[in-house]
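What follows draws every value from the coordinates through simple rules; no lab data is involved. As the structure is a computational prediction, the values presented were derived from the model and not from experiment. So basically every Cβ, Gly included, is an ideal-geometry build from the backbone, and we count neighbours across all protein chains shown.
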Amino acid sequence: MSRVTLLAGRRKWLLALALAGVSGAVIAQKSPESLLPPGFDAPVEPAPAARQKEGSPASDTTKSQGGGVLPSAAGGAAGPRTQGPAAPGLTAAGAAAGGLSDEELLNSIDPGLIKQLEQASRPKYDIPPADSRSLALVGALDQADGGFSAQSTRNLGGDYVSALLTRFKGPLVSRWGQILMRRALVSRLATPVGMNGADWAAYRAQVLLRMGEADAARLMVSQVDNANYTPGLEDAAMNSFLATADPVGLCPIAQLTAAERTGWQWDMTHAICAAFTHSDANAMGRLDRVKSDDGSGRIDSLLAQKFAGAVAVKRRAVKIEWDKVDTMTPWRFGFSLASGLEPPAELVDKTGGANSGLFRLFEARAPMLPLATRAAAADRAGARGVLSASAMVDLYGQILAEGDPKDQWTKLATTLRTAYTGAAPADRLAAIKTLWGDDTDAERAWSRHVLTAYAAARIQPTDAMADDAAGLIGAMLSAGLDANAMQWAGHVARGSQAWGTLALAAPNWSGNGIGDALSTYYGKDQSAEVLRSKFLLAGLMGLDRVTGSEATSFAGKLSVNMGRRNRWTDAIDAAAASGNQTLVALLAGFGMQGAGWGKMTPVHLFHIVGALHRVGLDSEARMIAAEAVSRV
């Protein structure tokens, strides 16, 4: 807290606290105003006192026990007042001069004492200790609600878990891999051995952010009471609240554990919170003086001022100009959204490094942005698994209700309505294929498959539509509609792409005698380096749906060695052998990092599907394997 703050807000309180806490003197308070009618509270005139005998004990009640004389009721002194030593922490002049101004008296107090009093007056917690949450179990999704077992991480070493999560950079190649990883990270799990529970939440929140899961990351940091935050969790909270465009969410943390944090981001955060609570009339001036350290001028400070200026005591209109800004950062992105500004698309798109593509994922769930911007972002978020099929349909429904009929997104929303409600199956199928468009942008194409998942499930299977079955089945499986997809089993040719997808996605599938079908599948495979056939074999082997001799024969034809091993394959196989679902899910996510399915190897897919299958996560194993052959 600065000296300006003390002079502006709590000057008299601090002086009184210093005098009372250090010297032990009694600070006189103003008498309360009487509520009685005039005259009722007037003092009674005492009767004339009898003449005191010479030499008798003093009867004057105004004398002090220390030998001095207290002031009389009339305000004058009944005798000379004894001057005692100055109180510790005050200069003699400051203690004796009753006519000094507040500022002069404040300057006479030892700065060290001021610091101690500030720390003593700062709140230590916002939830009573008796009601605080334990750090032994941290997370939001209980096992009863679909989370993983809380005790699955109780015996894991903290160093091992932190190393695993710290090395996770993302993104994931698989939509279903992202969904699985997100569920594992937000589950209510026991804190690993030797790890602080707050850091356990911080590691998971940071991974979620690198996956583009802003809302899940914010949910994770909120699972720890503010008084128990560590620097790691404070940093995770900073990134999470910026990603969700809610900088004020940092204020409870900034007031408690992060009160002493330094650096330009925290300095600005403290000033912003002071502006919102009106505890510092000069908060806007403090923001104007703080400079970011990345050499990009004053854009960071101006964005903070624009946000805080709407509520500060001294309100200020701030104009934001992006002409000289060459990169987008989490701070600029978060404060732009929080201030009602749309971040420049050219800056968002050209941002590389750790933030490459993440801002588009954050935009997909930002309600303050224009619907067109959110729809364009959904073409990324849907494929990644950040948005569900239902959420995408809801977004297009809002576009249809509020958009301009001439706008391209409104036209797509109209086509989507036909895909779901068209009178003839042929009309619905044509609308679905229109939404899929061409495959020049693989991520956008798969997002449109997610968008049409439930529309595809409404198409009645027929032999006449067998040529479109692979796309329809892939769309349905992107949303987990395996029961609907299996209705096509009797209408697809053995050894076709649709057959291979169903062979992996089926809840129950006999693996006997499919060698000839595998050969047919391989003969029709047009993917680069027949990667689709390799993924099919890896998935079937992981799910135990192909015999050993057939697997060996087909692997030789594909020139792939599923027996290759490394440290990661040993780790995920060991986790599967121990039956630890959470650790298998985390290791599976670690093994699926990459910019696309072309970065995935058949060996990795084999171990991921096999490990998930062995620990009882069969649904996830089937969906990941089916997605692999659908998206190559």
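For the pair ASP288 and ALA489, label points projected 7 Å from Cα toward Cβ lie 7.3 nm apart.
On the basis of the beta-carbon distance and an R0 of 41 Å, VAL193 and ASP463 show a calculated FRET efficiency of 0.10.
In terms of surrounding Cβ atoms within a 10 Å radius of their Cβ, VAL450, VAL173 rank from fewest to most as VAL173, VAL450.
Put simply, the amide H of ASP225, placed in the peptide plane, has neighbours under 5 Å in ARG133, leaving out anything fewer than 5 places away on its chain. Length available on full extension from MET368 to SER149: 0.36 nm per residue minus the Cα-Cα distance, which gives 75.2 nm. With K and R counted +1 and D and E -1, the other residues having a Cβ less than 10 Å from that of SER336 yield a net charge of +1. Phi-derived couplings, Karplus 6.51 cos²θ - 1.76 cosθ + 1.60 at θ = phi - 60°, listed residue by residue for the stretch 483-499: 5, 5, 5, 5, 5, 8, 4, x, 10, 10, 6, 5, x, 7, 4, 4, 4 Hz, with x used for Gly and Pro. Computed from backbone phi, the HN-Hα couplings of the stretch 501-506 come to 5, 5, 4, 8, 7, 4 Hz, rounded to whole numbers (Karplus: 6.51 cos²θ - 1.76 cosθ + 1.60, θ = phi - 60°; Gly and Pro given as x). Calculated FRET efficiency, LYS411 to THR547, Cβ-Cβ distance, R0 = 45 Å: about 0.30 to the nearest 0.05.
Assuming a ≥ b ≥ c are the square roots of the Cα gyration tensor eigenvalues, decide whether the stretch 371-631 counts as rounded (a/c under 1.5), prolate (otherwise, with a/b larger than b/c) or oblate. It is prolate, given that a/c is not under 1.5 and a/b is the larger ratio. Net charge around LEU303, counting only other residues with Cβ within less than 12 Å of its Cβ (Lys, Arg = +1; Asp, Glu = -1)? Charge balance near LEU303 sits at +2.
Subtracting the Cα-Cα distance of LYS350 and LYS557 from their residue separation scaled by 0.36 nm leaves 70.2 nm. Summing charges over neighbours of ASP235, with a neighbour being any other residue whose Cβ is under 13 Å away from its Cβ, gives -1 when K and R count +1 and D and E count -1.
Extension gain for TYR160 to ASP323 (0.36 nm times residue separation, less C-alpha to C-alpha distance): 54.1 nm.
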